[in-house]
Structure formats: C-alpha cells, structure tokens
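For reference, the structure discussed in these notes is given below.
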Amino acid sequence: MKLLASTALALAVSGTTALAAGHAACAAGKTLTDGTLTIATGNPAYYPWVMNDAPESGEGFEAAVAYAIADKMGFDADAVTWVRTSFDEAIQPGAKNFDFNIQQYSITPERDEMVDFSMPYYTSAMAVLTTQAVMDAGANATLDSLKSLQWGVVGSHTSYSMLTGVIQPESDPLLYNDNADVNAAIMAGQIDAALYDLPTALYLSAVVVEGGALLGQFPAEQSESPDHFGLLMEEGNPLKECVDAAITDLTESGELAAIEATWLAEATGVPVIK
Amino acid sequence: MADASSQDRAAASSTAPTRRALYEAGVRRRANRIALISTLSVIVAIFVLVPLAPGWEAVQKSFFNGRVFAATFPGLLDAFVLNVMIFAWSAPLIALTGLAIALCRDARAPALFPLRLFGIAYTDIFRGLPVVLVIYIIGFGVPGLGLPRPWNSPYIWGTLALVLVYSAYVAEVIRSGIDSIHQSQRSAAASLGLSDRDTMRYVVLPQAIRNVVPANMNLFIALQKDVALLSFIGPVEVFRQAGVYKSLYANFTPYVGAALIFLALTIPATRYADYLMNKQNKARR
C-alpha cells in the first residue's frame, strides 16, 4: 500500500517538472538560504499529515503537499530542509527559522493580522470523536444530543471556536495542550467527546483511542466557517506569491486532489450531523 | 530595646543636632540623591533604548497589542475566578495536610517510628517531583482506573496533586518552626505536668506556627501561581484562557494580560509577607 502510494506520488510530481521552470525564478533570493527551501512542521508531526514523524520521506498528506509545492517553486527534493516548530515558535515576533510552516494551520482573519497565510491547500470537515461506550449510552449525531455531552478539545485549535459557536455545549468544555492529552481524557472518561478535523479524528478513533468511534461530521461545505488549512509564513514574506502560485497550479491541475486521495482516507461512512 | 535607643537619639536630635548628626544627615541625603539619579537613568535607558531596537515594533505588536488586550482582558478576568476558587479550596487542605505530615515527622515515641518514616518519605518524594508531573500522573492516571463521573473530575484529582506537593513543602516549613522551639520549652511544659500531646498543642505549635507564617505566606503565593498548572488536565483557568486567545489571535498579548492579573494579586501578597517577616525580625532582635 505504502509502495503504491509513493509511486503514485512520484508520478504526480514528475509530471509537473516542466511547469516548474516558470515559478523557479519567483522564489530566487527570497528564501532563508539561497537555493534551499526550509519547511517547518510540528514536533511531533501527526499521522496522516506526516507518516512516522518523518517528513523527509515525503509520505503523508502534508509532507507530500510540501514537496509538490517545493517542486513547483523549482526546488528539488534534495533542496528541501525540514525544521520543527511549535505553534508558539511560529507566531513569535522576530526572524523565523523557516520559509513556510505546514502543520494544519487554520486560516482565520485574526491570525492573518499577525502572520501571513498561503491559499488553502485543504478544507477539512470537523468530526466528533467519542467512544463506543458513549454511543451505546445514547449519544447520536444530532445537535441536541451533542449539546448534552461533556466536551474536550485542544486549547490552541480553532475547533474550540466551532465548539462554543455551533454546538454550544451545556457544560463548560475542558481544554488540553495537545491531542495526546485529549485522548487521555477520553480514555479516562473525563470527557465524552472531542472535536477534530476529520482525517485526524478518523486516525485517532481507529488506532489511538481504545473503543474510539466517530459520532458524526460537520462537512466543510455545510459549515458557516469551514476549516481551511494554509501554510503559515512570516508577515510580509515575499515568498507568499510564489507559494500561492504553486498551490493554484496544484489545485487546477488536480494534483492536490490526487495527493489528498492518496493520503487522506475516504470518510463517506461518517454520518453527517443535523 | 531597639525602640528605646532610637527614642533616645530622637530626643537628643530634637533639641540640637550634633555635628555628627548633621554629617550623617548629609551622607544620607547624598546617598538618596545618588539612588534617585541611578534609578531614573535606568528607567530612562529602558524606555528610550528598548524601543530603538530594530524588532521593537514587531514585539510591541505581538506582546503589547492594545486592541487584542482590550478584546481579551474581560475574558481573562472571568477565567481568573476559577483560579481563585481552586486556590480557595486547596489552601486549607494544604495547611491541614502539611500540619499533619509535620506532626508525623516529629513523632518521638519509638512505637510511632513508622509514622515518622512515612513523614520523611512523603516530604522527600513530593518535594522531589515537578508539580506538573504529579498533576499529570494523578490527574489522568487515577481517573483512568475507571472511576465513574463525577469522581473522575480533573478538579478533584488536580486539587489532590496540588495538595500532595504543596503540603510537603508546608510540612517542612512547619517542621523547621517546631525545631526552632527550644527544648527548654518542652521541659518546662513537662515540669508543669503537661502530656506530650498537650505540650505540642498548647506550647510548641502556637509558637512554631507563628514563627513560620511569613515562610508559609511565600508558599501560598507560589501556590497561587501553580494553580495555573491545573490547566494541563482540562480546567480552563486564566492561563489556558490566555492560551486560547493566543491561538485565536496569533498574538501573545493575552499572556501579558494574564501576567498583570497574577501580579495584581501576588505583589500585594508578597509585600505583606515581607512586612510580616520584617516585623518578626524586629521583634526577635
């Protein structure tokens, strides 16, 4: 499966090298180090965005997107270096140690005032992660049922705004530092449900959370403010236009959709919340 | 004693200042002048030089952003109520547990040696562990055993973690207070026919605890700040709320707001602890 995926990716990437020449000039002299593209991701980087916490392999949705964008901008895979940053490091004032940062940053107008975002490379549905036990106890995919649950989310995620804005739970949600802590709280029964982007929720329910289940999803096209992921760049980074051009190309040529199909599981089976 | 001698001096100087008194007053004035000038120049240097730094505008925009501050400060104040509540129910528990552990460590009867051993192990372990670690282990670990709601609440187990760690510190402070009471006090109490128990209760503890009030004040100021660590296991107190705003606005100003709220409480408390400490030092002199 993995081999097949990598081959598909390689095909997708090699088909575009002809186009790349046009964008290559754009990035010249605008990167941190001349001739190299420095890309940052999370520490650790999570499945299915980056496989095995090894973005260098180009495996995983965001790793593949990063290499595809780099290719469009005229950087070979060899000319890409990876660094790791936390969310806070990415937004701190002063010089950045990356050209762009890819770790499921949701684009919001408030954030956009402090940093620059590329065009969205992915639009995510939000999904409700819970356990089989909670569903057996009668929780179902209706807003009324969701309101009565005890919620927990990662404090730095935009899912918190969605939770308080759309679901409006009856009891105050609990907030955590990272996915691992939310999962610990679910498994300890301290919270009934958590809100994640759909790919992460699928992975967590299948692999990480014991007895995990997906209660339902808020499809991106039905959300009032869908969750767009963008690359994060320093405010006023001249590279932005090159990155945007690369993403536009990838979107129009269907390569982005191909990468998505390769790495992000089908989620048609997840019920839609009404 | 100190009061009496200063009164003497005051009386002497009010009639006619001696040459020595005049000279000393001159020295004091000069020292005050120098202190004033040096303080002012440091303040001026900070306020003039820091904004000259090339990145100041960026720092100002992400740490001292008036718009973000105004938008988030009310929410931070709301969240701070939770800090105060956690503090309010933790502090008495910590004081009682700390006292109990201190008494364990002071158990002198041979038969009570296990109690003494327990006291030593308790203080060694919980003073040796980072607070965050204890909060994580107890806050996620114990509920993970399968307790039903509401008994798996992070408030209960987070509070327990705070009580465990802080009572170990308080116990050590109280023990130092107990040790500071001279053996002659116990002997005197024994000669009056007081039992060991009554000696501790009516003779040693009242003096010991009075002696360590300032030191314990410092611990409770530290506790006030460490309450924020409970946010790691779920509760949305001021530090977490500031983190949420930070992510929302991609701006660190909410943390500065939270810092101001903490300072508004801890600075008066610290001043008060210092005042108590000074008063005590004077009384002992």
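Assorted remarks:
- Exclusive hit being of a type outside the set (K, R) and not in a loop (DSSP other than H, G, I, E, B), set B:L230, B:L194: B:L230
- Answer residue from the range A:128-155, given it is assigned to a loop (DSSP other than H, G, I, E, B) and within 11 Å of chain B (Cβ to nearest Cβ) and is nearest to B:S153 (Cα to Cα) among those: A:Q150
- The single residue among A:P199, A:P169 that is assigned to a loop (DSSP other than H, G, I, E, B) and either in contact with a strand residue (DSSP E or B) (Cβ under 6 Å, 6 or more places away or on another chain) or more than 8 Å from chain B (Cβ to nearest Cβ) (or both) turns out to be A:P169.
- Selected residue (only one of B:Q207, B:Q185 is in contact (Cβ under 8 Å) with a residue 12 or more places away in the chain and either outside the structural domain of B:F118 (by TED's automatic domain parsing) or more than 22 Å from the chain's Cα centre (by Cα) (or both)): B:Q185
- If the condition is being within 22 Å of A:A64 (Cβ to Cβ) and free of Cβ contacts under 8 Å to residues at least 12 places away in the same chain, then the range A:77-102 contributes only A:D78.
- Answer residue from the range B:209-236, given it is closer than 27 Å to A:N179 by Cα and more than 9 Å from chain A (Cβ to nearest Cβ) and is surrounded by the most Cβ atoms within 10 Å (Cβ to Cβ) among those: B:L230
- Search result, residues across the range B:151-184 that are part of a loop (DSSP other than H, G, I, E, B) and either touching a strand residue (DSSP E or B) at 6+ places or on another chain (Cβ under 6 Å) or within 30 Å of A:P173 (Cα to Cα) (or both): B:W151, B:N152, B:S153
- Residue match in the range A:92-109 (condition: under 25 Å from A:I259 (Cβ atoms), among the aliphatic types (A, V, I, L, M), under 16 Å from the mean Cα position of the chain (by Cα) and in a loop (DSSP other than H, G, I, E, B)): yes
- Sub-6 Å Cβ pairs linking a first residue in the range B:237-252 that is within 15 Å of B:V227 (Cα to Cα) and within 7 Å of chain A (Cβ to nearest Cβ) to a second residue that is part of a helix (DSSP H, G or I) and not aromatic (F, W, Y), at least 6 apart or interchain, are B:R240/B:S231, ordered by first then second residue.
- Within the range A:77-91, the set of residues being at pLDDT 90 or above and either assigned to a loop (DSSP other than H, G, I, E, B) or within 10 Å of chain B (Cβ to nearest Cβ) (or both) comprises just one member, A:T85.
- Taking the range A:49-76 as the range and being in contact (Cβ under 8 Å) with a residue 24 or more places away in the chain and surrounded by fewer than 17 Cβ atoms within 10 Å (Cβ to Cβ) as the test, only A:E56 passes.
- Pairs are defined by a Cβ separation below 6 Å, a sequence spacing of at least 6 or placement on different chains, a first member in the range A:106-118 that is facing another protein chain (nearest Cβ under 8 Å), and a second member that is part of a loop (DSSP other than H, G, I, E, B); the pairs so defined are A:R111/B:A250; A:M114/B:A250; A:M114/B:N251; A:V115/A:E235; A:V115/B:A250.
- Candidate set from the range A:41-89 (those that are among the aliphatic types (A, V, I, L, M) and within 15 Å of the chain's Cα centre (by Cα)); member that is nearest to A:L232 (Cα to Cα): A:A66
- Unmet criterion (only one of (1) in contact (Cβ under 8 Å) with a residue 12 or more places away in the chain; (2) within 19 Å of the chain's Cα centre (by Cα); (3) more than 10 Å from chain B (Cβ to nearest Cβ)) for A:T158: (3)
- B:F220 farther than 27 Å from B:D179 by Cβ and in a helix (DSSP H, G or I): no
- Annotation note: of B:D78, B:D124, the sole residue that is away from every other protein chain (no Cβ under 14 Å), charged (D, E, K, R), out of contact with any Cys (no Cβ under 8 Å at 6 or more places or on another chain) and in a helix (DSSP H, G or I) is B:D124.
- Of the set (1) of a type in the set (V, I, T); (2) at pLDDT below 90; (3) in contact with a helix residue (DSSP H, G or I) (Cβ under 6 Å, 6 or more places away or on another chain), all apply to A:V207 but (3).
The values are calculated or read from the model by the stated rules, or taken from the named source; none is laboratory data. Quick caveat: nothing in here was measured; it's all calculated off a predicted structure. Backbone-built Cβ (ideal geometry, glycine too); neighbour counts: all protein chains shown.
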